[in-house]
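In what follows, a single structure is set out as structure tokens and then discussed.
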Amino acid sequence: MAENAESRGTIARLSTTDADFDTTLEALLAWEGVSDAQVRQRVDEILHAVRTRGDAALVETSNRFDRLSVSSMAELTLDKARLRQAHDGLPAEQRDALALAAERIRAYHEHQKPESWQYTEANGTVLGQKVTPLDRAGIYVPGGKAAYPSSVLMNAIPAHVAGVSEIVMVVPTPDGVLNELVLAAAYLAGVDQVFTVGGAQAVAALAYGTESVPRVDKIVGPGNIYVATAKRAVFGQVGIDMIAGPSEILVLSDGGTDPEWLAMDLFSQAEHDEDAQAILVSWDADHIADVEAAIERLLPTMEREPIIRASLEKRGALIACADREEALALANRIAPEHLELSVDDPESLLPGIRHAGAIFMGRYTAEALGDYCAGPNHVLPTSGTARFSSPLGVYDFQKRSSIIHCSAEGASTLGRTASVLARGESLTAHARSAENRIRKD
Ligand SMILES: NC(=O)c1ccc[n+]([C@@H]2O[C@H](COP(=O)([O-])OP(=O)(O)OC[C@H]3O[C@@H](n4cnc5c(N)ncnc54)[C@H](O)[C@@H]3O)[C@@H](O)[C@H]2O)c1
Ligand SMILES: N[C@H](CO)Cc1c[nH]c[nH+]1
Ligand SMILES: [Zn+2]
């Protein structure tokens, strides 16, 4: 629990009028995970082993960290027939839900497709930008504490929409347990190859390539601290989407939503991880007390109670503030992964929101709908990084090249300007190269 926080139960109660509010909030928001020296050292060792010894190290580390007993990569590789078998073997209800979610996610991401563009100047010079998909993308699907078929869809579908030629998926199978929904989702989303490896070793295999795992151009997808640390370390060798930490939710409530709904919304992210963060902000003190009572009442009924309790105790908070303006300022300061505007008129608050990974508008829009099937991506910036980054999207699987096509007249005109600037930099070859194209007549 955050130091100095007044606590009357499982979750800290704070007020913006507390003398130590700023320091208490900063302590709650800090996520120290990624800077742990011990984790970095272990990840460096794993990366080095896989880089230098390929498949052999991948097998060894998977046996060690996922409690397997395999002897070759063949046992950690799934072909398309196996993915299809998983899909066809699902109960119809699950197969239909997966298909509907995939369809909605695809439709949303189709809207994100950027177009190549160009324009022509008066002298015939053409300038533009060409958008090209990546050749090969690696998607990391987490699988340590829970299985995430929805994350398969959220990672692979935008890659597909972007036009990526080859999608390679990695997913750990702790104790050798395969999740049929995860495999079925890979089939539906058009994943080309699946390796049942996870953690830093999977990131290393995708970044460097091994005898079995092809090296990719970019690695995307969320994961735990080992995954995040490994992605940070291989950046440069390959592209990465972002460093996504534990899940977060910030609920901004005007007091009019059923406290039990809000308690469950907070639980929905807390149940991911002991390090997940769930915060409620409201200017209605009685409502905060009601939400706290609902938390205490509902918590013992939850299957993942120990994880939720640890998360709420360690990183959760119910924050009382003065009014809507102060609530908005807090939301922007926290820059949460998920922001629920649980108010009557969310449209009036929206213009004031500047930093959030995804914004859930109104009392009916539970964050959980976004996790599975609303359509937008659930891989989102965490730990305040929504100040400068965006949801995973089609744009993460594409890059842009500039197009410059000078007419003779355009080259002559630009040549004069380039020559002056190049000589100012004492780069004579640049200057003469440009001058060669200046019309002599
Ligand atoms: N932002 C999103 O879209 C999103 C979606 C789903 C999950 N998440 C988050 O992703 C995270 C998933 O974490 P997870 O642990 O469940 O799965 P994970 O797949 O990220 O990590 C599991 C792997 O970590 C490695 N590992 C575990 N302990 C280790 C150790 N002591 N030394 C070396 N390696 C070790 C193992 O190789 C294991 O396979 C959670 O924090 C969850 O909140 C985020
Ligand atoms: N809330 C997670 C992203 O922070 C995504 C997820 C997947 N399944 C359930 N939830
Ligand atoms: Zn979730």
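Under 1.5 on a/c is rounded, so check that first for the chain, then, if it is not, pick prolate when a/b is larger than b/c and oblate when it is not; a ≥ b ≥ c are the square roots of the alpha carbon gyration tensor eigenvalues. List each step's numbers first, then the result.
Values: a/c = 1.90, a/b = 1.32, b/c = 1.44.
It is oblate, given that a/c is not under 1.5 and a/b is not larger than b/c.
From largest to smallest, the equivalent ellipsoid semi-axes obtained for the stretch 47-154 from the alpha-carbon gyration tensor read 39, 25, 12 Å.
Taking Cβ atoms as reference points and 15 Å as the exclusive limit, the residues near A200 contribute a net charge of +2, counting Lys and Arg as +1 and Asp and Glu as -1.
Treat the count of other C-beta atoms within 10 Å as a stand-in for reagent exposure and order E367, E337 from fewest to most.
Values: E367 23, E337 29.
The most exposed by this proxy come first: E367, E337.
Can you give the net charge of the other residues whose Cβ lies under 13 Å from the Cβ of H109, counting K and R as +1 and D and E as -1? Local net charge: 0. Backbone geometry of the stretch 218-231 corresponds, through the Karplus equation with coefficients 6.51, -1.76 and 1.60 at θ = phi - 60°, to 3J(HN,Hα) couplings of 8, 10, 10, x, x, x, 7, 5, 5, 5, 4, 5, 5, 4 Hz, x marking Gly and Pro.
Here the stretch 150-224 and the stretch 318-337 have alpha carbon centers that stand 37 Å from each other. Extension gain, T17-R387: 0.36 nm per intervening residue step, less the Cα-Cα distance, totals 130.7 nm. Only Cα pairs within less than 10 Å get springs; with that Gaussian network setup on the chain, which residue of S62, S15, S402 has the largest fluctuation? Looking only at S62, S15, S402, the biggest GNM fluctuation is shown by S402. Sorted ascending by nearby beta carbons within 10 Å, beginning with the fewest, I295, I243, I334 become I243, I334, I295.
Checking every one of the GluC sites (Glu not before Pro) in the stretch 162-257 against DSSP loop status and a limit of 14 other Cβ atoms within 10 Å picks out E211.
Within the listed set L421, L330, L83, the Gaussian network model of the chain (springs between alpha-carbon atoms below 10 Å) gives the highest mean-square fluctuation for L421.
For the chain, the 222 nm mean residue ellipticity estimated from helices alone, with every DSSP H stretch of n ≥ 4 adding -39500 (n - 2.57) and the total spread over all residues, rounds to -13500 deg cm²/dmol.
Could you calculate the FRET efficiency of D96 with K145 from 1/(1 + (r/R0)^6), where r is the beta carbon distance between them and R0 is 41 Å, rounded to 0.05?
Numbers: r = 27 Å, r/R0 = 0.66.
Given R0 = 41 Å and the Cβ-Cβ separation, E is 0.95.
Pairs over the 27 Å Cα-Cα cut-off, from the set K130/K218; K145/K231; K113/K145; K80/K130: K113/K145; K80/K130. Counting only aspartates and glutamates at least 8 places from K440 when in the same chain, those with an alpha carbon closer than 18 Å to its own are E409.
The amide H of V197, built 1.01 Å from its N in the peptide plane, has V171 as neighbours under 5 Å, considering only residues 5 or more places off or on other chains. DSSP beta bridges fully contained in the chain are about 30 percent antiparallel. If R0 is taken as 35 Å, the Cβ-Cβ distance between A122 and H430 corresponds to a FRET efficiency of 0.85.
Calculated FRET efficiency, E45 to K130, Cβ-Cβ distance, R0 = 51 Å: about 0.80 to the nearest 0.05. The fewest-to-most ranking of I249, I438 by surrounding Cβ atoms within 10 Å reads I438, I249.
Each value in this text was obtained by applying a stated rule to the coordinates, not by laboratory testing. On a predicted model such as this, the values are computed, not experimentally measured, just so you know. Every residue, glycine as well, gets a Cβ built from its backbone with ideal geometry; the counts of neighbours run over all protein chains shown.
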